[in-house]
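What follows is a short report on a single structure.
The values are calculated or read from the model by the stated rules, or taken from the named source; none is laboratory data. Since this is a predicted model, take the numbers as computed values, not measurements. When we count neighbours, we look across all protein chains shown, and the Cβ atoms used for this are built from the backbone with ideal geometry, even at glycine. We work out accessible area using only protein heavy atoms, side chains counted, and drop any ligands, DNA or RNA first. Shrake-Rupley method; radii C 1.70, N 1.55, O 1.52, S 1.80 Å.
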Amino acid sequence: MFKKSGRCLKRALSLLLSLITIISVFSLSFSAQAKKKVNTYPAPYNLHAVNYSDTSVKIKWKLKKKLKKDSGYQVLVYNSEKKKYVSYDFTRKTSMIIRNLPDDEIRKIKVRTYVKKKKKKHYGKANVLELPMPPTRATVNAPVYSARGQMTVSWNPVDGASGYILQYSTSASFESYYTSTLIYTAEETEKVINGLGDKTYYVRLCSYKTVNEVNYVSRWSKAVSVQIEKGSSLKNMVNANETDTSGKKAIYKLTSYGVDISKYETTYERLEAIYRWHNAHASGFQNCYYFTINFNKCVDALFGETKKYDNFILMADGNFQNRSGARPVHKWPVIILQGVPLIMDGRIESYIDENCFGLEVGESSRARRFLFSKWYISYRPDSFIDAGFVVKYKKYK
């Protein structure tokens, strides 16, 4: 009897072990499948740099599948000291600007997908982008006052550079306004700038290298200054920026067929015609926003469509208050020419009884009390420089 009960016990134990084994295998298989279902996204593809400097980079990528809820991307930057990738940030967008890049010879960025389940991120496969180092920092020599309204800037050549970006401004900080000029060849080491006022100008330079249509830009050189003893008139300042009639059709349409720039020979005459038309038709715009945007688009067509210059015209907006002190009444357009911010809004003339075409910001004591708050650059016909690095440019011939 004891033998029989022992056999039964053995059978029961054997069946129990078999059942445990089956449950364990099924459980492991189920958890593996569950885990596999979490990481359904493939690695991002077409990962590339759009803008790049020695301290910042903007990257873009694509994904074959559309992201679902509770999923996104993680961007990691390689740290040579720790010898591993360190998380930079998370996003659901397919682009990101990475600032304060480490000063390493090896610069690598990894992008991978994640899916969040039960407060835990499950990561998919990654794609890696390796960035070349930008060219070395350029050194600019002290500018020389060479003639009325003119300075000559020279610099030392940089090995491996494709060209240079020259900036000049009457602001030592370059934060509020500046004029940018492209030098397309590394062999060129001198530039003559015309149309300057009788002011102190600050100049800085950086080098850039183009690889696969992406511009890799060095740090800015230390700014140097020059005093222009005899400055240009406003007319010469504006005419220092050559334009043609390629923007005729756009301007004609934007001004309701009121301004035909082909009737004028100089940049000054064309710009003044655009300015006067907007002043005469200010009441026809819904508000100051549309007035400023329309004016900016006309200036864009005048300067941005011209293929014969390498200066990049910047435009800005400011706030304006009325006589009672109410603010803001409207925004007013500013255009930066030859490193100087100029008011381009004739509506201010009704307040101060002063010609505001090309009136320098801060020069008029009567206009100053109506112009409040810090004005800011808001519009770039040739989106060019942002946060110290090249955004995009077209090589004009």
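In whole Å, what are the Cα extents of the stretch 159-208 along the three principal axes, biggest one first?
Principal axes ranked by extent give 34, 22, 12 Å for the Cα atoms.
Let's test the formula: R0 of 41 Å, r as the Cβ-Cβ distance of Arg148 and Ala280. What FRET efficiency results, to the nearest 0.05? Kindly include the intermediate steps, with their values, before the conclusion.
Values: r = 34 Å, r/R0 = 0.84.
The calculated FRET efficiency here is 0.75.
Could you please report the charge total around Gly346, scoring K, R as +1 and D, E as -1 over all other residues with beta-carbon less than 13 angstrom from its beta-carbon?
On the way: positive: Arg276, Arg347; negative: Glu272, Asp345, Glu349, Asp353, Glu354.
So the environment of Gly346 carries a net charge of -3.
Where only protein heavy atoms count, and the probe is 1.4 Å, what is the accessible area per residue for the stretch 35-98 in Å²? Before the final figure, lay out each step's value.
On the way: 3900 Å² over 64 residues.
Result: 61 Å² per residue.
Show me, bin by bin at 10 Å from 0, the whole-percent P(r) of the stretch 43-200 based on Cα pairs.
9, 28, 23, 19, 13, 6, 1, 0
Using alpha carbons only, how many angstrom separate the centre of the stretch 53-125 from the centre of the stretch 166-181?
Computed from Cα coordinates, the inter-centre distance equals 33 Å.
Determine Rg/Rh for the stretch 183-312; Rg is computed over alpha-carbon atoms and Rh is the Kirkwood hydrodynamic estimate from the same atoms. Write out the running numbers ahead of the final one.
Working: Rg = 18.2 Å, Rh = 17.4 Å.
For the stretch 183-312, the value is 1.05.
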